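As C-alpha cells, the structure follows; a few thoughts come after it.
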Amino acid sequence: MKKHIAIIFLLMLACSQAFCQERHSRFRWGLEWGYGASAFMYWSNNYFDANVGYRIWDEGHEFAFVPNAYAGLYAGFDLGRRINLALFSGTMGIYTDRQVIPLGLRATYAFRGLDSQGALAYMGGGLCFHDLFVSAPGQYLQLGGGYRIKLGRKMDMDLLAHLRACDDHPPIWDEENGSYVEAVNIRKNLAVYTSFELGVALSF
C-alpha cells in the first residue's frame, strides 16, 4: 500500500509542476495534512459460519474515541473568483488498523475571494481504497470550513476543520473461532465511521 501511495504522490507532483511551468492563473495545487478522531461506528455483517451451519447476522454501533491522521496532495482550478474545484488523493486513517487511499473531488467557497484572506467553506467526497483493485472501494463525504491566511502573492495557508463520514468493508473477526471469516463465506461486511478532524493546507 505504501508503494501505491508513493506512486500517486509522485504522479500528482509531476502534474502540478508541469502546470506551474505554464503559469496558468486559474490552476492551484497544494498539500494538506491533519489529525482528528473517529467518534461513532456502525456495522452490519452477514456471513456463513461453517461450525454451526447457518448464517450469522451481526449489527450494531458504538461510540469510541479512535485517533486518526491524514495527508495528501490536491490540484484543481478556480471556477470563478470564489469557487475552486480540486482533485484530492493521499492517505487517510479511518479507524483502528484501517488506512485507505482516498480519491475524490472537493469544492471550496471563499467568502472574500480565493485570492483574499478570509473564511472558507468546503464539501467533498469520493472513493477510498484499502487495497487498490483488490477489494471493493468505500466512499467518503466531508463537510467543513476554515480560514485562509495569505503568505504571499501566490502562497496561502488554510486552517481547516471538517466532519467526515466514510464506509468500509473490513474483515470480520469471529470471536468464537478466534479467526477471520473467510471471504467466500461473507455475504455482507459494512462499516460506517464518522469523525471530526483539524487540518492545515498550503496552496500555491
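The values are calculated or read from the model by the stated rules, or taken from the named source; none is laboratory data. Quick caveat: nothing in here was measured; it's all calculated off a predicted structure. Positions of Cβ are backbone-derived with ideal geometry, glycine not excepted, and every protein chain shown enters the neighbour counts. The area values use the complete protein model at the heavy-atom level, side chains included, leaving out ligands, DNA and RNA. Shrake-Rupley method; radii C 1.70, N 1.55, O 1.52, S 1.80 Å.
One line per residue, one yes/no per condition, for (1) open to solvent by 50 Å² or more (accessible area, probe 1.4 Å); (2) assigned to a strand (DSSP E or B); (3) touching a His at 6+ places or on another chain (Cβ under 8 Å):
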residue: D115; (1), (2), (3): yes, no, no
residue: Y140; (1), (2), (3): no, yes, no
residue: G145; (1), (2), (3): no, yes, yes
residue: I149; (1), (2), (3): no, yes, no
residue: G152; (1), (2), (3): no, no, no
residue: L159; (1), (2), (3): yes, yes, no
residue: R187; (1), (2), (3): yes, yes, no
residue: Y193; (1), (2), (3): no, yes, no
residue: F196; (1), (2), (3): yes, yes, yes
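Do any strands (runs of 3 or more DSSP E) entirely within the range 17-108 hold 1 or more residues that are closer than 17 Å to Q142 by Cα and open to solvent by 70 Å² or more (accessible area, probe 1.4 Å), and if so, which?
In the range 17-108, the matching strands (runs of 3 or more DSSP E) lie at 27-49, 83-95.
Return a yes/no flag: does the range 162-177 have any residue that is charged (D, E, K, R), touching a Lys or Arg at 6+ places or on another chain (Cβ under 7 Å) and either part of a strand (DSSP E or B) or closer than 27 Å to W33 by Cα (or both). So that I can check it myself, show each step before the final result.
At the first step, the residues of the range 162-177 found to be charged (D, E, K, R) are 164, 167-168, 174-176.
Among the residues that remain, those that are also touching a Lys or Arg at 6+ places or on another chain (Cβ under 7 Å) are: 168.
Now narrow it down to the ones that are either part of a strand (DSSP E or B) or closer than 27 Å to W33 by Cα (or both): 168.
Within the range 162-177 (the criterion being charged (D, E, K, R), touching a Lys or Arg at 6+ places or on another chain (Cβ under 7 Å) and either part of a strand (DSSP E or B) or closer than 27 Å to W33 by Cα (or both)), the answer is yes, since at least one residue qualifies.
On the basis of being open to solvent by 10 Å² or more (accessible area, probe 1.4 Å) and either within 12 Å of the chain's Cα centre (by Cα) or aliphatic (A, V, I, L, M) (or both), does A121 make the cut?
The answer is yes for A121.
When you go through (1) over 26 Å from F63 (Cα atoms); (2) touching a residue at least 40 places away in the same chain (Cβ under 8 Å); (3) touching a strand residue (DSSP E or B) at 6+ places or on another chain (Cβ under 7 Å) one by one for A191, which number turns out not to apply?
Of (1) over 26 Å from F63 (Cα atoms); (2) touching a residue at least 40 places away in the same chain (Cβ under 8 Å); (3) touching a strand residue (DSSP E or B) at 6+ places or on another chain (Cβ under 7 Å), only one is false for A191: (1).
So that you can scan it fast, the table gives a plain yes or no per residue for (1) in contact with a Cys (Cβ under 8 Å, 6 or more places away or on another chain); (2) not basic (K, R):
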| position | (1), (2) |
| --- | --- |
| G144 | no, yes |
| R148 | no, no |
| G152 | no, yes |
| M155 | no, yes |
| D168 | yes, yes |
| P171 | no, yes |
| G178 | no, yes |
| N185 | no, yes |
